[in-house]
Structures are given as structure tokens and as C-alpha cells.
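Trainee: Structure below; questions to follow.
The values are calculated or read from the model by the stated rules, or taken from the named source; none is laboratory data. None of the values given here were measured: they were computed from a predicted structure. For neighbour counting, all protein chains shown are included, and Cβ atoms are generated from backbone atoms with ideal geometry for every residue, glycine included.
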Amino acid sequence: MSTLGLQNAFAALKQDLLAPEGPRISTMRNYRFAILPYPPEREFEVRRRARQLSDELKKRKWEVLDVDLHACLVQRLRTRLREDERQKLIDSERRIAAKDPMRPLDRLRGPLSRLLEGEQGLAGDVIREIGEFAESHPDQQDRTLIWIRRLGALYPFVRTSSLLRHLDGKTFQIPVVLLYPGEHIPPTGLSFMRELDPDRDYRPRIYSILTEPRQGVAPC
């Protein structure tokens, strides 16, 4: 993926957020959700571009919420597992990795997926965080952006399609953009981390790296 591809995707997103009639990242007002996919190796460049866009929006008196899924994951592990349970998982992972570096993920997938998946899992934590933010910024839906990022921390325990399914209709009509480490498989497929078979039932708009900025709009 070229830098120009990322630049164009962020420029198109910026233009749609700042549309005169209000954010238009989706054709459905009650589903203001979009996905910006990028190669996992470009993680730090994507963070930089997202931060730049956030800073510009804040200068325009926007509210921006940054939902860090890695932080949500760590918090859930700390609050839902006892210290001895966490240590048991760590010790098991180290022991198995010494024999086969690929096996620990398979061993952890079961217990962690049960902890993270579902409406009462990580999705519930994200919904509560968005809800609290929306409550503290009433009547600002058209001037608020929520980033959901650090999705790579969930691999391979949570599928993105499952997370979005539980968030559907529970984001208070605030524009939400998921920064997605993976590959866009046109027209609507996405392969998480370029490792999993692509899910092809995504409803949100996908800001592909092939997206070009519209005429007259400078890249962000």
C-alpha cells in the first residue's frame, strides 16, 4: 500500500465528515459507521494521520473520542479474571511457546474468546464508553467523531464483524470510524490482519485505499 493510498482515504473521510449538510460517512443516518482498512505494518502511520485529523476537527470545535480496544482488553482482563487466573494463562502461554511458538494463540483462543465475545463482552464495554461520552456532549452528534482503534490487539480472539453486529444501533447516531488492520476484498469483504478468511457481510462504508479525494479537496 502506498502512502498516497492512505492519504487519499483519510482525505475522503475528512471531506465527508465536514460536509456542509453534516457528516455523510454513511447513507443511513441511524448507522453512521465507517471502516478505514490499512495494512497492519502501517499502524503507526495510521495513528499519526488519525491524530492529525482529530486535531483539525478539535480546532473546528468538534468533540473526538478515541476508543482504544487494547486498553479495553487489558481492563477487561484485569477486572474479569483473578490475578491467579491471569498468571495461569501467562505461565501456560510461555510454557507452550517454548515448544511451538504458534500454539499459544490456539490455546488462549477459547478462554479469551468467551471473555471478550458477545453483547456482554468487549462490545458492551465500548457501548458504555460511547454512551457516557454522548451523555456528556448532548446535541453534538453532527460535530462529534469516535475512533475505534487498536483492533489488532484482539486478533485472533474477536472477529470484527461480531463486534460491529453488537454495536449496531447503539452509537447514538454519532459518526464512528473503525481503523481496521487488514485487507479490503472488494466490494464489501475484509480480511482481519490479512490472516483470517474475509468476512463479506459488512454494512458500513469502507474507505478503501483506492478512494480518491473529491475535486477541490486537499488531502489532510
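Trainee: Among the residues of the stretch 161-176, is there at least one that is within 22 Å of M28 (Cα to Cα), within 18 Å of the chain's Cα centre (by Cα) and surrounded by fewer than 13 Cβ atoms within 10 Å (Cβ to Cβ)? Explain how you work it out, then say what you get.
Mentor: The first filter runs over the stretch 161-176 and keeps only residues within 22 Å of M28 (Cα to Cα), leaving 161-176.
Narrowing the set further to residues that are within 18 Å of the chain's Cα centre (by Cα) leaves 161-176.
Checking which are surrounded by fewer than 13 Cβ atoms within 10 Å (Cβ to Cβ) leaves us with 169.
Scanning the stretch 161-176 turns up at least one residue that is within 22 Å of M28 (Cα to Cα), within 18 Å of the chain's Cα centre (by Cα) and surrounded by fewer than 13 Cβ atoms within 10 Å (Cβ to Cβ).
Trainee: Would you mind stating whether S26 is assigned to a helix (DSSP H, G or I), surrounded by 12 or more Cβ atoms within 10 Å (Cβ to Cβ) and hydroxyl-bearing (S, T, Y)? Give the derivation first.
Mentor: Details: assigned to a helix (DSSP H, G or I): no; surrounded by 12 or more Cβ atoms within 10 Å (Cβ to Cβ): yes; hydroxyl-bearing (S, T, Y): yes.
Considered against the rule, which asks whether it is assigned to a helix (DSSP H, G or I), surrounded by 12 or more Cβ atoms within 10 Å (Cβ to Cβ) and hydroxyl-bearing (S, T, Y), S26 comes out as no.
Results for (1) modelled with pLDDT under 85; (2) of a type in the set (A, V, I, L, M, F, W, C), shown as yes or no for each residue.
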| site | (1), (2) |
| --- | --- |
| D142 | no, no |
| L151 | no, yes |
| L154 | no, yes |
| V158 | yes, yes |
| R165 | no, no |
| F172 | no, yes |
| P181 | no, no |
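Trainee: Report the residue count in the stretch 1-20 for those that are at pLDDT 90 or above and either over 13 Å from P175 (Cα atoms) or in a helix (DSSP H, G or I) (or both).
Mentor: Looking only at the stretch 1-20, we keep the residues that are at pLDDT 90 or above, and these are 6-20.
Going one step further and asking which of them are either over 13 Å from P175 (Cα atoms) or in a helix (DSSP H, G or I) (or both), we end up with 6-17, 20.
Residues meeting the conditions: 13.
Trainee: Now, a different point. If you take the residues in the stretch 106-160 that are surrounded by 15 or more Cβ atoms within 10 Å (Cβ to Cβ) and of a type in the set (D, E), which one is nearest to R47 (Cα to Cα)?
Mentor: Residue satisfying both the conditions and the ranking: E129.
Trainee: Now for a separate question. Only one of these conditions is not met by P37: (1) of a type outside the set (A, V, I, L, M, F, W, C); (2) part of a helix (DSSP H, G or I); (3) within 20 Å of M193 (Cβ to Cβ). Which number is it?
Mentor: With (1) of a type outside the set (A, V, I, L, M, F, W, C); (2) part of a helix (DSSP H, G or I); (3) within 20 Å of M193 (Cβ to Cβ) applied to P37, the lone miss is (2).
Trainee: Within 28 Å of S161 (Cα to Cα) and of a type in the set (D, E): is that true of E83 in this structure?
Mentor: So E83 fails the test.
Trainee: Follow-up. What number of residues in the stretch 146-199 are assigned to a loop (DSSP other than H, G, I, E, B), closer than 30 Å to E135 by Cβ and among the hydroxyl-bearing types (S, T, Y)? Break it down stepwise before answering.
Mentor: Pass one, the stretch 146-199, residues assigned to a loop (DSSP other than H, G, I, E, B): 150, 155-159, 168-175, 186-188, 193-198.
So of that shortlist, the ones also closer than 30 Å to E135 by Cβ come out as 150, 157-159, 168-175.
Okay, now just the ones that are also among the hydroxyl-bearing types (S, T, Y), so 171.
So the answer is 1.
Trainee: Now for a different question. Just to be sure I understand, how many residues within the stretch 63-92 are surrounded by 15 or more Cβ atoms within 10 Å (Cβ to Cβ) and without any contact (Cβ under 8 Å) to a residue 40 or more places away in the chain?
Mentor: Selection size over the stretch 63-92: 3.
Trainee: A follow-up question, please. So which residues in the stretch 119-150 are touching a residue at least 40 places away in the same chain (Cβ under 8 Å), closer than 15 Å to D68 by Cβ and basic (K, R)?
Mentor: R149, R150
Trainee: With the requirement that a residue be within 18 Å of the chain's Cα centre (by Cα) and either acidic (D, E) or buried (at least 17 other Cβ atoms within 10 Å of the Cβ) (or both), what does the stretch 48-62 give you? Show your work before the answer.
Mentor: Just the residues of the stretch 48-62 that are within 18 Å of the chain's Cα centre (by Cα), to begin with: 48-54.
Hits for the stretch 48-62 are R49, A50, L53.
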